Amino acid sequence: MFDVEGFILVGGASQRMGRDKAGLDFGGQPLLDRIARELAAVVSEVSLVGARQPYGLFKNVPDLYQQWGALGGIHAALTAAKTDWAAVIACDLPFVTSELFERLGTFLNNTTDAVVPIQADGRPQPVCALYRAATCLPEIEKLVATGEHTPRALLARVLTRYVEFGEICDLRGAEHFFFNVNRPEDLKKAQAVLSSQ
C-alpha cells in the first residue's frame, strides 16, 4: 500500500451508454465496485468524484468546475486529497487491477508530477494515472482560466513520467487494462472478455 488516495471519476454524462456507467452490472457486481476493490488494495482510501447519486458507503467529492470533464474531475480529486499523491481512475475501465496500480506506484519519486501509462496503441491514459497535488493543482487552475478542458494539456505542463506499455505488459490482464466501456456494444464485448477469463 502506498501513501496515495484513490479517486474514481463517476461524473460523466454517459450519453453514449444511455445510462449511468458506474452502476452497470458487470460480472454480478456494479462496475464501480469492481474498480474500487482493485484500487482499495493499494491506496489508503477510495472516494468518488462527481457522483450524482449515492453509491453505497463511498465518500463523494463534488466537482468544483461543473461541466469540465475529466480535467475537472482530476482537479476535484487533487483538491480533496489529503496525501501528496492521488490515483485517479475513470469508472469505465473495468479491467484495471491492483497490480497495475502497484506498478505505476513504483515510478513515484520527488522529480515527477504525474505517472501516466501508455496504451498498447501508443496513446496516454490520463484517467488511469497518479498525480502530485502540489504541482498539478496550480497548473489545472491556469488551464481552466484559459478554457482548456483536456488532461493531456496538464501532462504537457508538468513533469510527467510516461510508463510505456512495454513496462506493464507482463502484468496479468494487461491487454485489457484500458478497455473503455462507453457504449452498450462495448459492455457486451467486456462481458465476453470477462466470461473468458
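The values are calculated or read from the model by the stated rules, or taken from the named source; none is laboratory data. Quick caveat: nothing in here was measured; it's all calculated off a predicted structure. Virtual Cβ from ideal backbone geometry, glycine too; neighbours counted across all protein chains shown.
Here is the figure for segment 141-187: residues that are charged (D, E, K, R), under 26 Å from Glu99 (Cβ atoms) and either modelled with pLDDT of 90 or more or loosely packed, with under 14 Cβ neighbours inside 10 Å (or both) total 7. The residue that is nearest to the chain's Cα centre (by Cα), counting only those in segment 141-169 that are closer than 18 Å to Val115 by Cβ and acidic (Asp, Glu), is Glu164.
Applying the selection to segment 39-66, what residues are assigned to a helix (DSSP H, G or I) and either more than 20 Å from Phe95 (Cβ to Cβ) or within 12 Å of the chain's Cα centre (by Cα) (or both)? Listed by number, the list holds a single entry, Leu39.
Could you please tell me which pairs satisfy a Cβ distance under 7 Å, a separation of 6+ or placement on different chains, a first residue in segment 170-196 that is over 22 Å from Ile118 (Cβ atoms), and a second residue that is surrounded by fewer than 16 Cβ atoms within 10 Å (Cβ to Cβ) and of a type in the set (Lys, Arg)? Close Cβ pairs satisfying both conditions: Arg183/Arg16. The combined condition, being closer than 15 Å to Asn180 by Cβ, touching a Phe, Trp or Tyr at 6+ places or on another chain (Cβ under 8 Å), crowded, with 23+ Cβ neighbours inside 10 Å and modelled with pLDDT of 90 or more, is not fulfilled by Ile74. In the condition set (1) touching a Gly at 6+ places or on another chain (Cβ under 7 Å); (2) more than 27 Å from Glu185 (Cα to Cα), Phe95 is compliant with all but (2).
Of all the listed residues (Ala51, Ala22), the sole one being touching a Phe, Trp or Tyr at 6+ places or on another chain (Cβ under 8 Å), farther than 26 Å from Arg172 by Cβ and not β-branched (Val, Ile, Thr) is Ala51.
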